[in-house]
1. Over region 309-357, how many percent of alpha carbon pairs lie in each 10 Å bin up to the one with the longest distance?
2. Would you compute, for the Cα atoms of the chain, the largest minus smallest coordinate along each principal axis and list the three values in descending order, in whole Å?
3. Compute the signed sum of charges (Lys and Arg +1, Asp and Glu -1) over the other residues within less than 9 Å, Cβ to Cβ, of residue 252.
4. Could you give log10 I(q)/I(0) at q = 0.08 Å⁻¹ for region 69-226, computed by the Debye formula over C-alpha point scatterers of equal weight, without solvent?
5. Which peptide among 340-347, 224-231 comes first, and what is the full order, when sorted by highest mean count of other Cβ atoms within 10 Å?
6. Based on the mean of other beta carbon atoms within 10 Å per residue, what is the order of 258-271, 359-372, 125-138, 376-389, most packed first?
7. What is the extension gain from residue 220 to residue 373, computed as 0.36 nm multiplied by their sequence separation minus the C-alpha to C-alpha distance, in nm to one decimal?
8. Taking the Cα atoms of region 193-241, what is the range of coordinates along each of the three principal axes, in descending order and whole Å?
Amino acid sequence: MKLHEYQAKEVLAGYGIPVPEGRVTYFPDDAWMVSMELGLPVVLKAQVLTGGRGKAGGVKIARTSDEVRQIAQELFGKKLVTKQTGPEGVKIRKLLVEKAADIERELYFSIVIDRTTSRPTVIASKRGGMSIEEVAEKYPEDIIKIPIDPAVGFLPYQIRRLKYDLDLMAQEKEAAKIFSALYKVFVEKDCSLLELNPLVVLKSGHLLAVDAKMDIDDNALYRRKEISKMRDLTEIDPDELEARFSGLNFIKLTGNIGCMVNGAGLAMTTMDVIKLAGGEPANFLDVGGEATPETIAKGFEIITRDPKVKAIFINIFGGIVRCDKVANGILQALKKVEVKIPVVIRLTGMNREEGMEILKKSGLKFYVANDLKEAAKMVSELANSSAVEEKKNTKEEKKEK
């Protein structure tokens with residue numbers, strides 16, 4: 001679960017980490033009023049759950065009250081398009097208005113889980129304010145990595161090394177306090193990512209977390225009720241939200257083949273094989289281990305709601321659930337939900353033959369594949385030919401008009 005910047009800063013402030021004075025606003029007039037309370041200049045920052053806001057024009061400095069009004073009116077309701085959002089962008093519904101900082105230099109600091117060592121790892125650099133990926137590409141020698149043993153925590157000698165490498169000896173006590181507090185936040189809030197970019201040295205010599213990003217491990221949310229309450233439902237696609245409430249894992253993608261599978265690993269494999277066959281997945285939909293008639297019907301309902309979907313691929317592994325039970329579930333679901341596009345089904349695992357027999361005898365119109373490669377090829381061809389046919393029909397309709 002991702003937190004907005006203003007939410008992450010609320011958490012950090014609770015641990016004594018210095019953050020800029022500011023407030024989140026929901027209307028242009030509110031942004032103006034907050035800026036008057038704080039005093040100019042101020043920074044107006046779009047609160048959307050995506051990175052790259054600055055480069056996309058979602059972070060702007062206002063030096064006069066007129067500029068505050070103009071920028072606020074420009075940003076509220078705007079679709080912010082970044083590398084992470086794709087061309088559809090994300091709508092700006094709130095702005096964080098903060099007192100502009102008097103910056104001497106910018107640093108980068110983050111804590112992530114290193115999957116190769118299964119440990120928290122501090123990553124830092126003197127080159128703050130730019131993406132750490134860009135720093136790693138252009139200035140790899142400027143990346144500092146400190147693995148942390150969770151059994152003993154962020155040790156004093158590691159903090160001293162970090163202060164030395166970041167040229168923070170003049171802020172020795174303050175930096176030590178902040179780094180210790182950041183690690184405490186990371187552990188106590190079950191973060192998967194905690195990033196300050198930039199953490200700045202002010203001209204006064206003090207440190208300030210000017211920007212903050214915090215991702216929480218979804219698997220730990222059951223014990224972080226205070227964090228769960230911060231979830232911004234307006235940032236979640238309505239179909240993804242409905243799927244979540246129905247016990248499905250669904251993520252909308254940009255292709256034209258709906259994928260219905262049981263198991264996240266099988267979902268990833270299915271999408272890879274579809275792409276190898278020349279197709280493009282339109283979603284990631286995991287109906288879970290049991291694949292009941294109810295979950296399959298809900299899956300059909302959500303997938304077919306997307307007009308871009310031209311074919312559906314059902315790829316089920318009969319492990320916990322039997323294939324004959326899944327086949328009966330598919331038939332029951334198809335009676336509840338009208339599916340007008342081609343459906344390709346591939347079953348494997350326990351009672352596969354019985355399941356295939358049920359599907360073939362059903363009299364319903366769908367395609368049954370013998371293996372994964374054949375199924376991917378079949379569904380890709382069906383989706384692509386449907387897309388071509390639709391394009392052709394659209395052109396003819398325009399000509400007739």
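The values are calculated or read from the model by the stated rules, or taken from the named source; none is laboratory data. Every value quoted in this text rests on a predicted model; they were computed, and no experiment measured them. Because the Cβ atoms are built from the backbone with ideal geometry, glycine has one as well, and the counts that use them run over all protein chains shown. For the accessible areas, the whole protein counts, side chains as well, though only heavy atoms, and no ligand, DNA or RNA atoms are used. Shrake-Rupley method; radii C 1.70, N 1.55, O 1.52, S 1.80 Å.
1. 27, 52, 21, 0
2. Computed over the Cα atoms, the extents are 78, 60, 40 Å.
3. On the way: positive: none; negative: 237, 239, 240, 306.
Local net charge: -4.
4. Here log10 of I(q) over I(0) equals -0.28.
5. Working: 340-347: 20.2, 224-231: 13.1.
Descending packing order for the listed peptides: 340-347, 224-231.
6. 258-271, 376-389, 125-138, 359-372
7. On the way: separation 153, 0.36 × 153 = 55.08 nm, distance 3.72 nm.
Extra length from residue 220 to residue 373 when fully extended: 51.4 nm.
8. Projected onto the principal axes, the Cα atoms of region 193-241 cover 47, 24, 15 Å.
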